[in-house]
Structure formats: structure tokens, C-alpha cells
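Each remark here refers to the structure printed beneath this line.
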Amino acid sequence: MASRVRETEAQAPETHEPDGSPPYAAIILAATILGSSLQFIDGSVVGVALPVMQVDLEANLAAAQWVVEANQLLLAALILVGGALGDIFGRRLLFALGIAVFLVGTVAAGLSPTIGFLIGARTLQGIGGALVVPGSLAIITATFFGAARGRAIGLWAALTTVASALGPVVGGWLVEQVSWRAVFFLNIPLGLVALGFTLWRVPETRAEGADRRVDVIGALLQVVGLGGLVLGLIEAGSAGFGDPLVIVSLAIGVVALGLFLLREARARAPMMPLGLFRSSDFAGTNLLTFLLYGGLYGVLFFFPFNLIQVQGYSATAAGAAQLPFIVLLSVLSPWAGGLVARYGPRLPLIAGPLTAALGIALYALPGQGGSYWTTFFPPTAILGLGMAITVAPLTTTVMSAAPSERSGTASGINNAVSRIAGLLAVAVLGVVAVAVYSGALSSALAEAQVPAEYAQVVMEQRTRLAATEIPADAPAAVQAAMRDIVARSFVAAFRVVAIICAALGAAAAVVTAVMVGGGKRE
């Protein structure tokens with residue numbers, strides 16, 4: 001790690017411009033921005049397309065969860081290893097390899113004939129993303145110097161945010177006008193240009209003298225541990241916690257994660273140095289991240305299902321419905337970055353999560369119907385404001401809590417924690433959603449006195465939630481009643497999910513108050 005610090009502080013080579021820009025700076029920036037945008041766009045468009053994929057591929061909730069979880073599992077578990085491999089074997093090489101793997105997974109996803117095939121393709125995308133995401137900023141840091149570096153990182157942040165903002169709208173339009181498969185094909189030309197630029201003009205850089213040991217065992221234990229927990233939790237939604245597969249999966253997950261912690265405590269070159277967590281600020285901000293991002297990703301996973309399958313939004317409208325969140329986050333984050341300098345970390349890291357928690361809680365209020373501006377716009381905007389207040393101060397505090405020679409590792413750990421939070425939240429909340437939906441569905445069908453043969457068909461599909469198909473041979477009045485019951489049952493489940501996620505956001509604010517330092521920074 002010391003070698004990385006020396007590289008960062010070195011003077012720009014003579015081949016660079018006076019401001020520190022390398023030769024072919026525009027092409028290098030284009031390669032890193034387009035490459036990293038692949039993962040950001042993919043993450044934002046899949047959520048909008050998922051309700052349509054579920055219906056088209058006749059998938060239950062568990063399979064729909066795996067479309068997201070397979071990608072996030074590999075990304076979360078391998079992102080730290082991906083950065084280390086780039087330092088050792090060459091950042092350009094690993095970045096290009098990551099783009100290539102991601103593109104193979106993207107083509108496979110777009111051509112998927114079954115939900116299982118799609119889940120496998122998403123796994124490949126996750127592996128590619130784990131190489132691309134850390135590699136993009138590492139290339140900028142290694143090739144730009146002085147004032148040029150700050151401008152390059154700022155441009156990277158701005159344009160990748162724009163890509164994330166446009167993703168749901170463009171993706172929604174493609175789903176509506178072409179097919180859900182088109183949201184994957186959208187990334188192919190971007191990836192090919194990024195790969196071409198990378199191989200053409202991005203120089204190879206390494207951390208000379210870096211420790212060449214990579215914590216492969218730690219990475220494998222993390223994949224097995226998280227995978228076991230996620231598999232067990234997702235299957236528990238339909239099979240129950242007494243199912244042998246659920247019990248074995250959860251047991252393997254717990255044991256593997258325990259071994260992972262032992263490995264990290266004893267390894268000479270751990271991917272997650274546990275000593276960093278001796279800092280109350282570092283431990284507190286990562287716990288805050290886990291709780292807040294668990295609530296954020298949890299509610300946003302179910303939100304498009306509500307909009308498209310219950311409220312009747314088009315895919316384009318569902319994508320546009322999330323724009324206030326992204327716009328407020330991107331526009332206000334630079335302002336929020338100065339809050340730590342003025343007030344210290346405690347105030348913004350209490351106010352931000354509490355505001356976000358309020359926004360999430362407001363998602364529990366709307367029922368069926370109503371104008372977007374009076375139902376889902378207020379919670380989406382308030383959630384965006386809360387996250388804008390939080391993100392920049394959170395990043396600043398995480399980086400400040402770690403020694404300078406560990407800054408890259410600290411940032412990587414916090415990134416991984418946020419993704420693990422979403423991974424586990426979607427799995428746990430799936431169990432909750434199915435349980436609440438099933439109870440509400442059973443009660444409503446009985447109360448409405450729906451004929452038993454039709455009620456049974458609907459109940460057998462309870463793990464599909466709002467994608468439940470109404471029996472086509474039922475009388476028209478019965479079909480209408482069952483559609484209303486399915487929608488109301490999903491709303492009941494979504495409300496419980498929103499309340500739980502809001503509680504996680506509020507708990508994050510409590511963590512700040514207890515663990516994260518206060519006082520104005522000089």
C-alpha cells in the first residue's frame with residue numbers, strides 16, 4: 001500500500017501536460033467513464049425492467065430476486081480483490097478484462113431463453129463489474145496528476161451520475177417500445193467503445209513493489225458465506241425456515257462468514273483489514289452504511305413492482321418516477337460535501353439518514369391510484385434529499401477515519417458494505433413480503449367469498465406477488481375482484497417493507513449519534 005501512496009504523490013512524468021494531463025487524456029477519460037457507466041446503467045435499468053422480465057419469463061419472486069442478487073453477490077464479494085489484482089497485474093489489463101467479461105454476460109442476458117439462464121448471465125456481469133468499478137478510478141488516479149486529476153475525477157463523477165439518471169428513463173422506454181432484452185443490448189455499443197479506447201490509448205500502470213499476495217481464500221469464503229445466506233433467505237420465502245435446503249444454506253453461510261472473519265484476522269495481506277474497525281468513526285460509518293443502504297436498496301427493489309404491476313405505470317413512467325431521487329442526489333451532493341468542514345460529521349450523518357427514513361416511510365401511505373405528484377413524488381424527493389445530505393459527508397468521514405496509506409482499502413470496504421447491505425436486504429425483505437402478501441391475500445379471498453377453485457389457483461401463485469395470473473375461465477366479476485385483491489395484498493406487503501426500511505434508516509441516525517465523532521472540523 002505504501003507504494004500506492006508514493007505513486008499518488010509522485011510528480012507528473014515529462015510526457016504529461018503542465019497541468020498533469022497525460023497524452024490522450026480525453027480518450028483515457030472516455031474509456032474510464034464509459035467502462036464504469038456499464039455497471040451504473042445496468043444497475044439502474046434492471047430494476048425498471050424486472051417486473052416485465054418476471055411476467056415474460058414466468059418467474060416467481062425468488063427468481064426475480066436472483067436476477068439482482070446474483071449480480072450484486074459477485075460484485076460485493078470480489079470488488080476488493082478486483083482492485084488488488086489491478087494493482088498487481090496491471091490496471092489497464094484488468095479493466096479491459098472486466099469490460100470483456102461484462103459484455104459476454106450482457107449478450108447472454110439479452111438472449112436469455114429462461115430465468116435460470118438470465119441469472120447465470122447476471123453472475124458473469126457481476127464478475128466483470130468487480131474488475132471494472134475499482135479499475136476506472138484507479139486508472140485516473142495513476143495517469144492524471146495535480147490539478148488535472150481533480151478535474152478528471154469530477155468529470156467522471158458527473159458523467160457517471162448522468163448515466164445513472166438517464167438509465168431508468170431510457171431503459172423504461174426500451175422495455176415499453178422494444179423489449180426488456182433491449183436494456184441489456186443498450187450497453188453493448190458503450191462497452192465495445194470503452195474496450196476499444198482502453199486497448200488503444202490507456203497506458204498500463206501497476207503499483208510497483210506492491211505485495212503480490214491476493215486474498216483469494218478470503219474472497220471465496222465471502223462468496224460462499226454471502227451466497228449461503230442469500231440462498232437460504234430467498235428459499236425461506238416460499239419453503240419456510242424449516243426446509244432442509246434453507247437450514248443447510250443458512251448454516252453454510254454463517255460458518256463461511258465466521259471463517260472469513262478468522263481468515264481476515266490472521267492473513268498477512270487481508271482483503272478487509274479488521275484493525276480498521278478499531279476506529280469508532282470507521283466502524284460507526286460502516287454500520288451506518290449497512291443500515292441505511294439496506295433500507296434504500298430494499299424499498300427501491302420493490303418500488304418498480306408497485307408502480308408497474310399495481311399502479312399501472314408504463315415502464316417509461318416508472319423509470320421517470322425515480323428521477324427526483326437521482327437529480328437531487330447529484331445536484332446537492334457537492335453542497336453537502338462541505339457540511340463536515342462546517343459542522344463536523346455528526347450533524348449531517350444524523351439529519352441525512354433521518355430525512356431519508358422519512359422519505360421511505362412516506363412510501364407506505366399511497367394505496368391504489370392517485371396522481372404521482374401527490375403519492376410517490378414526495379417520498380422520492382425527500383429520500384433523494386436525505387441521501388444527498390448523507391453521501392458526501394459519509395465518504396469524507398470514512399476516508400478520514402482510516403490512515404492515509406489505507407484510504408483506498410477503506411473506500412473499497414465501504415463500497416462493499418453498501419452492496420452487501422442491499423444484497424441481504426432484498427433477500428430478507430423478500431421473506432417478509434411473501435409472508436405479508438400471502439396472509440393478506442388469503443384473508444381477502446375468504447372475505448370476498450371467491451369460489452374455492454379460483455382462490456386456490458391464486459394462492460398457489462403467492463410467491464409471484466403482484467404478477468399473479470388471474471384464472472381466465474373465471475367469470476368477469478370474479479376476475480375483477482381477484483385483480484383488486486391481488487393489488488391490495490401487494491400494497492399491504494409493500495407498506496410493511498417500507499416501514500421496515502424506514503426503521504433501518506432511523507437506526508442509522510442512532511448509530512451516528514452513538515459512534516461517530518462530533519464537533520466542528522478545523
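Descriptive notes on the structure:
- Residues that are in a loop (DSSP other than H, G, I, E, B) and open to solvent by 40 Å² or more (accessible area, probe 1.4 Å), drawn from the stretch 370-386: G370, S371
- Inside the stretch 124-150, residues that are open to solvent by 40 Å² or more (accessible area, probe 1.4 Å) and either in contact (Cβ under 8 Å) with a residue 24 or more places away in the chain or not hydrophobic (A, V, I, L, M, F, W, C) (or both) make up a count of 6.
- Here V310 fulfils each of the conditions (1) crowded, with 24+ Cβ neighbours inside 10 Å; (2) closer than 30 Å to Q54 by Cα; (3) of a type in the set (V, I, T) apart from (1).
Here is a yes/no grid of residues against (1) surrounded by fewer than 18 Cβ atoms within 10 Å (Cβ to Cβ); (2) free of Cβ contacts under 8 Å to residues at least 12 places away in the same chain:
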{"residue": "S442", "(1), (2)": "yes, no"}
{"residue": "A448", "(1), (2)": "yes, no"}
{"residue": "A480", "(1), (2)": "yes, yes"}
{"residue": "S489", "(1), (2)": "no, no"}
{"residue": "I500", "(1), (2)": "no, no"}
{"residue": "L504", "(1), (2)": "no, no"}
{"residue": "T512", "(1), (2)": "no, no"}
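- Meets criteria (modelled with pLDDT of 90 or more, part of a helix (DSSP H, G or I), among the small types (G, A, S) and open to solvent by less than 40 Å² (accessible area, probe 1.4 Å)) for G284: yes
- Condition check for L199: surrounded by fewer than 20 Cβ atoms within 10 Å (Cβ to Cβ) and either farther than 15 Å from G86 by Cα or modelled with pLDDT of 90 or more (or both): yes
- Residues that are of a type in the set (K, R), assigned to a helix (DSSP H, G or I) and at pLDDT 90 or above are absent from the stretch 2-19.
- When the stretch 450-471 is filtered for residues that are of a type in the set (D, E, K, R), surrounded by fewer than 20 Cβ atoms within 10 Å (Cβ to Cβ) and either under 30 Å from L291 (Cα atoms) or under 36 Å from the mean Cα position of the chain (by Cα) (or both), the ones remaining, listed by number, are E460, E469.
- Unique match (being closer than 23 Å to A506 by Cα, in contact with a Lys or Arg (Cβ under 7 Å, 6 or more places away or on another chain) and buried (at least 18 other Cβ atoms within 10 Å of the Cβ)) among A336, A364: A364
- In the stretch 181-192, the qualifying residues are those that are within 18 Å of A30 (Cβ to Cβ) and at pLDDT 90 or above, and the one that is surrounded by the fewest Cβ atoms within 10 Å (Cβ to Cβ) is P189.
- Yes/no for V178 being without any contact (Cβ under 8 Å) to a residue 40 or more places away in the chain, open to solvent by 20 Å² or more (accessible area, probe 1.4 Å) and not acidic (D, E): yes
- The lone exception for A84 - which of (1) out of contact with any helix residue (DSSP H, G or I) (no Cβ under 8 Å at 6 or more places or on another chain); (2) under 30 Å from H16 (Cβ atoms); (3) surrounded by fewer than 23 Cβ atoms within 10 Å (Cβ to Cβ) it fails: (3)
The values are calculated or read from the model by the stated rules, or taken from the named source; none is laboratory data. These figures come from a predicted structure and were not determined experimentally. Counting neighbours? That spans all protein chains shown, and the Cβs are built from the backbone with ideal geometry, glycine included. Remember, those area values only see protein heavy atoms, side chains included, never the ligands or the DNA or RNA. Shrake-Rupley method; radii C 1.70, N 1.55, O 1.52, S 1.80 Å.
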